[in-house]
Structure formats: structure tokens, C-alpha cells
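Worksheet: one structure, shown below.
The values are calculated or read from the model by the stated rules, or taken from the named source; none is laboratory data. Just so you know, these numbers come straight off a predicted model, no measurement behind them. So basically every Cβ, Gly included, is an ideal-geometry build from the backbone, and we count neighbours across all protein chains shown.
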Amino acid sequence: MKNIVIREANEKDFPAILVLIKELAAFEKSSQTVTNTVQLMKKEKHLFYSFVAETDEKEIVGMAVCFFAYYTWVGKSLYLDDLIVKEVFRRKGIGRALLRKIFEFAKKQNCKRVRWQVLNWNKPAINLYKKAGAVIDNEWNNCDFDVEAIKNFKL
């Protein structure tokens, strides 16, 4: 295996991160829902943090994107929105290394909780998260509104 470095991402990494976002969406059978762009990421870079897994050849083969959230029951928290490793680099410890980086960041930022979602059919990810000590919740359902639904919200 090539040497992998986990580091904080910068704007130059956004094109590679977007490719990985699209790869994750395809894996999750939701390619059509990705509307993000490199330009939007640059404009909104103050809203998120990202970490990349990079080879000696400077190829980005994995990434994790997170942002701060505030949960009323516990306070400042970190929400891990995406974590993906390119398929040919999976099962080499890169996902674990990215997850460790997220937790280092959460500790450094004095977060009281780290939270993310995983699809119930993504057994390899679920197994990794359980091995790490995550509590997988089967009670809560997501409530999402896309940009069009936000515009048309009525109650």
C-alpha cells in the first residue's frame, strides 16, 4: 500500500472532494441529487471543515467533511456529513484514519457529541462504526426539505 497522509483540506482540494462526493452519491444510488459545485464550496467554505487522505503521489483517495452543530441536550457538536474512500483503496485502514482525524478534531474543538448517518444497508460502514463504539440508532427518521421544498413550505 502507498503511504497515506491525512490532512486538513484546502480550496485546491475542492475539485477532488467534489469527485468523491459524487462517487459517494452514486454508491448511495442518489447521483441525481448532487447539486454542489466547486464554486459553491469556495463561497461557503466557512461553513464546513474537510480532511483528505492523500497518497505520496498527491492523489486524494478519501475525504471526510464535517461541520459544527448545536444540540440542545448536549451543546456544541460535530456533524460528520460525508466520509468516503475510493473503492480501490478501501479495506486498507484509510476510513479508520479519517474517522480518527474527525475525533481528534472534535476533541480539540471541545465538542460534546459527534454524530453522522449511515444507510441501513451499508453493512461494511455499520460494522466499522460499531467496532469504533458508535451507537447505531434505529428509532429516528430523517426529515429533509430540498431547496424547492423550502421555497414551497406550507403548514
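List of remarks:
- Among the residues making up the range 138-155, those that are assigned to a loop (DSSP other than H, G, I, E, B) and under 25 Å from TYR49 (Cα atoms) are ASN142, CYS143, ASP144, PHE145, ASP146.
- Residue identified as under 30 Å from ASP56 (Cβ atoms), at pLDDT below 95 and surrounded by fewer than 18 Cβ atoms within 10 Å (Cβ to Cβ) among GLU87, GLU104: GLU87
- Evaluated against (1) under 24 Å from ILE4 (Cα atoms); (2) free of Cβ contacts under 8 Å to residues at least 60 places away in the same chain; (3) surrounded by 13 or more Cβ atoms within 10 Å (Cβ to Cβ); (4) not acidic (Asp, Glu), CYS111 falls short on exactly one condition, (1).
- Residue check for ALA53: buried (at least 17 other Cβ atoms within 10 Å of the Cβ), of a type in the set (A, V, I, L, M), over 12 Å from the mean Cα position of the chain (by Cα) and part of a helix (DSSP H, G or I): no
- Only a single criterion out of (1) within 16 Å of GLY62 (Cβ to Cβ); (2) out of contact with any Leu (no Cβ under 9 Å at 6 or more places or on another chain); (3) not β-branched (Val, Ile, Thr); (4) not in a helix (DSSP H, G or I) is not satisfied by ASP82, namely (2).
One line per residue, one yes/no per condition, for (1) touching a residue at least 24 places away in the same chain (Cβ under 8 Å); (2) farther than 20 Å from ALA132 by Cα; (3) touching a Leu at 6+ places or on another chain (Cβ under 8 Å):
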| position | (1), (2), (3) |
| --- | --- |
| LEU24 | yes, yes, no |
| GLN39 | no, yes, no |
| GLU57 | yes, yes, no |
| ALA64 | yes, no, yes |
| TYR71 | yes, yes, no |
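- For the range 21-45, a residue qualifies if it is in a helix (DSSP H, G or I), closer than 20 Å to VAL85 by Cα and of a type in the set (A, V, I, L, M, F, W, C), and the qualifying residues are ILE21, LEU24, ALA25, ALA26, PHE27, VAL38, MET41.
- Members of the range 56-75 that are closer than 14 Å to ALA106 by Cβ, more than 18 Å from the chain's Cα centre (by Cα) and not β-branched (Val, Ile, Thr): TYR71, GLY75
- Test set (1) more than 19 Å from ILE84 (Cα to Cα); (2) surrounded by 10 or more Cβ atoms within 10 Å (Cβ to Cβ) - LYS154 fails condition number: (2)
- Output for the range 90-99, where each listed residue is on the phi < 0 side of the Ramachandran plot, surrounded by fewer than 21 Cβ atoms within 10 Å (Cβ to Cβ) and among the small types (Gly, Ala, Ser): ALA97
- Some residue of the range 108-131 being modelled with pLDDT of 95 or more, farther than 30 Å from GLU148 by Cα and part of a helix (DSSP H, G or I): yes
For (1) within 15 Å of ILE17 (Cβ to Cβ); (2) exposed (fewer than 14 other Cβ atoms within 10 Å of the Cβ); (3) not small (Gly, Ala, Ser), each residue gets a yes or a no:
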residue: LEU40; (1), (2), (3): yes, yes, yes
residue: LEU47; (1), (2), (3): yes, yes, yes
residue: LYS58; (1), (2), (3): yes, yes, yes
residue: ALA64; (1), (2), (3): yes, no, no
residue: PHE68; (1), (2), (3): no, no, yes
residue: VAL74; (1), (2), (3): no, yes, yes
residue: TYR79; (1), (2), (3): no, no, yes
